[in-house]
1. In this structure, is residue 45 basic (Lys, Arg), open to solvent by 40 Å² or more (accessible area, probe 1.4 Å) and within 19 Å of residue 125 (Cα to Cα)?
2. Identify, please: which residue in region 231-247 is buried (at least 22 other Cβ atoms within 10 Å of the Cβ) and closer than 30 Å to residue 163 by Cβ and is, among those, modelled with the highest pLDDT?
3. Here's a check for you: in region 128-143, which residue that is hydroxyl-bearing (Ser, Thr, Tyr) and buried (at least 17 other Cβ atoms within 10 Å of the Cβ) is modelled with the highest pLDDT?
4. Tally time: how many residues in region 171-216 are over 16 Å from the mean Cα position of the chain (by Cα), modelled with pLDDT under 80 and open to solvent by less than 60 Å² (accessible area, probe 1.4 Å)?
5. Given (1) farther than 16 Å from residue 138 by Cβ; (2) open to solvent by 10 Å² or more (accessible area, probe 1.4 Å); (3) touching a residue at least 60 places away in the same chain (Cβ under 8 Å); (4) not in a strand (DSSP E or B), identify the lone condition not met by residue 125.
6. Out of the residues in region 144-164 meeting the condition of being at pLDDT 85 or above and not in a helix (DSSP H, G or I), tell me which one is most open to solvent (accessible area, probe 1.4 Å).
7. Could you identify the single residue in 9, 18 that is free of Cβ contacts under 8 Å to residues at least 12 places away in the same chain, of a type outside the set (Asp, Glu) and not in a strand (DSSP E or B)?
8. Would you confirm whether any residue within region 277-288 is of a type outside the set (D, E, K, R), modelled with pLDDT under 85, open to solvent by less than 60 Å² (accessible area, probe 1.4 Å) and in contact with a Pro (Cβ under 7 Å, 6 or more places away or on another chain)?
Amino acid sequence: MRELRSRFAAQHGVIARAELRALGVDSRTERRRVVSGEWERMGNRVVRLAGAPRTPHQWLMAGCLEAGRSALASHDSAAWLWGLDRVPERHSLTVGRDITADVGWARVHRSRDWPVPGSLRFGIPCTNPLRTLIDLAALSSADTLDSALDRALATGLLTIQGVEAEICRLSRPGRRGVGTMRRALQRRGFVGAPHPSVLESKLIRLLRQHRIEPIAVEVRVGPDDRYRVDAALTADLLLEVDGYSHHHSPEQKTEDERRRNRIRLTGKFLLVYTWRDVIHDGGRVVAEICDALRFVSARPSRVASDLPDQLLVTGTLRRPPVL
């Protein structure tokens, strides 16, 4: 029967017994094929095509069918389907709060806000990427969640604005995962990071607290003075600080690295810090800058009068730091 073969192929070698009935396969025919070894029962509601590869996809598809047609792969299982995490040791499913489902090889979560937004991934019904990340936040480690978030953004599965909207939509007392997801955004610098101008101001204040005075800020450097950096401590030592929310896309990161390489190829020593470095790890930042100052001072360097004319025009000249 062509439709039956197509259904097995589309569903990783498994089919619900209710689907068999809808396709005209009665219980007697089903039992005969099971006894002959052509089919195998995986649970109360699912039949497996004998000889079909036993894969994680098959077990997850079978779990969805066993839990009922409305069940969705979720949490770490959905994260795996979306390419955000490794395959879990035990699959996770989500059903409505009033659904009774017992799947021996999977965890079954009951959702209060049913129906849950769903998608199809490799033919398996699952939560969409936004809901998947919120659910993942409820049971994963911070490192796993951060890695999944970075992958989702890098592959374009979702946007920061979308995650923030989902957090607002699901936020309620006792809702697991929402607070953890919000903290993950803050950790990665996607929310709560200062505006670039504020961040640059914080960097300059940090330097001056340790008696390090830039000779110029908002400096144009590189071939044809086409690039801007935040500060120059000497003619050859430059500083740049990133607000991660403004530099997280793959395209922006690629452009940033291309620009920085061009600057370094002109002989400049360029230090780059994130907003978290400046605000939460200022001691290390200052120590590294002091090491860099000692390093560049040991090389032949230019004095302020040798700085490019463009720097004198666009930057604010300061007295060189005392080393």
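The values are calculated or read from the model by the stated rules, or taken from the named source; none is laboratory data. Computed from a prediction, not measured in an experiment: that's the story for all the values here. Backbone-built Cβ (ideal geometry, glycine too); neighbour counts: all protein chains shown. Ligands, DNA and RNA are stripped out before the accessible areas are found, and what is left, the full protein with its side chains, is counted by its heavy atoms. Shrake-Rupley method; radii C 1.70, N 1.55, O 1.52, S 1.80 Å.
1. yes
2. Looking at the filtered set, the residue picked out is 241.
3. 132
4. Summing the residues that are over 16 Å from the mean Cα position of the chain (by Cα), modelled with pLDDT under 80 and open to solvent by less than 60 Å² (accessible area, probe 1.4 Å) in region 171-216 gives 6.
5. (4)
6. The residue in question is 157.
7. 9
8. No; the residues of region 277-288 include none that is of a type outside the set (D, E, K, R), modelled with pLDDT under 85, open to solvent by less than 60 Å² (accessible area, probe 1.4 Å) and in contact with a Pro (Cβ under 7 Å, 6 or more places away or on another chain).
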